[in-house]
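*Asks:* This is the structure I want to talk about, given as structure tokens.
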């Protein structure tokens, strides 16, 4: 199977990431280099392995069942990092706790409690991001922006859970108005900086995960250091 288009897509995306990094204001450089997370929802293992062979070292899965079905087929020999980025039900945590490096979608104390419990049983520590519903949309999960600090504090006694940063999906703009997107990305960066200043035994803010295929350049301009890109890498999903 010819997957050359994936390599071309990756080259283009990496060039745009590098350019966006170079053009961002100095105050956002503290977040370091931007990592490309290839979103592999509905993408078969063969395509994923091709992308890995072309330098992809971080992938994200949205569904527990799909992750489990593909896990043993994916080439992890080179130190591949796997993040879970979708809505995670508490009864599914036990199935992935030892298969992912980081869970990006923690949006409740109940879920964090279950992650901490399952990690403790495995005698491991699991890295997580707090998902922020930056637009306050009823259709999306996530913590209200104004409650982010209080929520982070409520998790600080979970010894097997490490809060590494924040994740968000901003409201969709049909005409992709860049100023609208920037407003939400700016707010996320403000919350990230605020939480970074707080001291707690399990809070070490390093990751600001925001930006997808349509808006990753704008997200990078406001401090994102992980962009989650699926369609622009693998093509349209069917």
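*Asks:* If you rank 227, 109, 93 by fewest surrounding Cβ atoms within 10 Å, what's the result?
*Replies:* Working: 227 25, 109 12, 93 22.
Placing the least packed residue first, the sequence is 109, 93, 227.
*Asks:* Can I ask one more? Label residue 72 and residue 141 with points 7 Å out from Cα along Cα→Cβ: what is the distance between them in nm?
*Replies:* Placing both labels 7 Å beyond Cα along the Cβ direction yields 2.7 nm.
*Asks:* With Rg and Dmax of the Cα atoms in Å in mind, check (1) 17.2, 51; (2) 19.5, 73; (3) 20.2, 80 and report the label derived from this structure.
*Replies:* (1)
*Asks:* Using the number of other C-beta atoms within 10 angstrom as an exposure proxy, rank 151, 234, 158 with the fewest first. Could you put the intermediate results ahead of the total?
*Replies:* On the way: 151 19, 234 25, 158 22.
Arranged by neighbour count, lowest to highest, 151, 234, 158 become 151, 158, 234.
*Asks:* Mind ordering 36-44, 206-214, 51-59 by average Cβ neighbours within 10 Å, highest first? Intermediate results must be reported in sequence, preceding the final value.
*Replies:* On the way: 36-44: 20.0, 206-214: 22.4, 51-59: 17.9.
Ranked from most to least packed, the peptides come out as 206-214, 36-44, 51-59.
*Asks:* With a 10 Å Cβ neighbour count serving as the proxy for reagent exposure, in which order, fewest first, do 5, 184 appear?
*Replies:* Details: 5 11, 184 23.
Arranged by neighbour count, lowest to highest, 5, 184 become 5, 184.
*Asks:* Can you show me the helix-derived [θ] at 222 nm for the chain, built from DSSP H runs with n ≥ 4 at -39,500 (n - 2.57) apiece and divided by the number of residues, rounded to the nearest 500.
*Replies:* Working: 9 runs with 89 residues, N = 238.
It comes out at -11000 deg cm²/dmol, rounded to the nearest 500.
*Asks:* So, in nm, how far is label residue 179 from label residue 198 when the simple model puts each one 7 Å beyond its Cα toward the Cβ?
*Replies:* Computed distance between label sites residue 179 and residue 198 equals 3.3 nm.
Taken together, the values in this text are just the output of simple stated rules run on the coordinates, not laboratory data. Quick caveat: nothing in here was measured; it's all calculated off a predicted structure. Backbone-built Cβ (ideal geometry, glycine too); neighbour counts: all protein chains shown.
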